[in-house]
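The values are calculated or read from the model by the stated rules, or taken from the named source; none is laboratory data. Treat the numbers as computed from the prediction; the structure is a model and nothing was measured. Here the Cβ positions follow ideal geometry from the backbone for every residue, glycine too, while neighbour counts run over all protein chains shown. Note: accessible area is taken over every heavy atom of the protein model, side chains too, but ligands, DNA and RNA are not part of it. Shrake-Rupley method; radii C 1.70, N 1.55, O 1.52, S 1.80 Å.
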Amino acid sequence: MTLIPHSREWYARLARELGGYRHPWARVLDGPDPELTFDALLAERLGPAVRVLEAGCGHGPDAARFGPLAGRWAAFDAVPELVAQARLNAPDADVHEWNAKGEVPPDLCGPFDLIVSRRGPTSVILRLPELAAPGAEFLYVGPRLDVPQVPERLAAVGWEVRGEWRVSVRARVPTRQDWATRCKWMNEPERLPEWDTHAGPDGLPYREERYVVLAGPPA
């Protein structure tokens, strides 16, 4: 069966075959990871009184890493296999299966002081008014060109962008096999000739880009 990249079934296969939300191909960054900005902004906002909701928790790496720094860390994901792994990897977090649509599960009703999403569902933005505590913030990181709805959705709920960071670093896929694996998983076999045409001794170069946004309700 051909899986649509980034579909629920696609993520479920990642969970089953790789034990989490991990891509099965290698990539090397020639500079700092673009998501370090998100890490720094998140870490400085945590504390024993902070209630956090994570949208799209995957197999729970952020819940395991940052959860102990918060007063409460609740999380959700739409893929049952990833939810099960997150509960094992972050046993102190409150993890639920949800897709950020429909009725909010009772245990996720909040209120929350910080709602975060690392490449998670942007549909959670439309639920911010009902999930957020007074003075709450929303922190997101993802590929800007793939999710142009982030600023528009924030505007739709009346939340203000307080900070934006567009980070780009040179990256490369180191081997032809890694590129072939990526093309197979992304259902892009027609892109295989790119390796033969553009790859150099250190692999096939590209740009690893991220868009980080920090937002909150009007002051």
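Brief remarks on what is shown
- Measuring with a 1.4 angstrom probe and ignoring ligands and nucleic acids, Y11 comes out at about 50 Å² accessible.
- Surface share of carbon and sulfur [accessible, 1.4 angstrom probe, percent] for the chain: 53
- Helix 8-18 axis, angle to the chain major axis (alpha carbon atoms, nearest 10°): 70
- Heavy-atom SASA rank of D39, D107 (probe 1.4 Å, accessible area, largest first): D107, D39
- Computed with a 1.4 Å probe over protein heavy atoms only, the accessible surface of region 88-219 comes to 51 Å² per residue.
- For region 1-76, the square roots a ≥ b ≥ c of the C-alpha gyration tensor eigenvalues yield an a/c of 1.5 or more together with a/b not exceeding b/c, which makes the shape oblate.
- Taken as Cα centroids, region 5-79 and region 162-207 sit 22 Å apart, rounded to the nearest whole angstrom.
- With respect to the chain, whose longest principal axis is taken over its alpha-carbon atoms, helix 176-185 is tilted by about 50°.
- Ordered from highest to lowest accessible area with the whole protein assembly present and a 1.4 Å probe, E190, E130, E208 read as E190, E130, E208.
- Placing unit charges on the Cβ atoms of the charged side chains and taking the dipole of region 66-167 about its Cα centre, the candidate lying farthest along the positive direction among L108, A156, V79 is A156.
- Listed residues D62, D94, D196 arranged by accessible area, highest first, probe 1.4 Å: D196, D94, D62
- Surface accessible to a 1.4 Å probe, K184 within the full protein complex, Å²: 140
- Antiparallel content of DSSP bridges confined to the chain, in %, to 5: 55
- Springs between Cα atoms under 10 Å define the GNM used for the chain, and in it the highest mean-square fluctuation of P193, P205, P105 occurs at P193.
- Computed with a 1.4 Å probe over protein heavy atoms only, the accessible area of I4 comes to about 120 Å².
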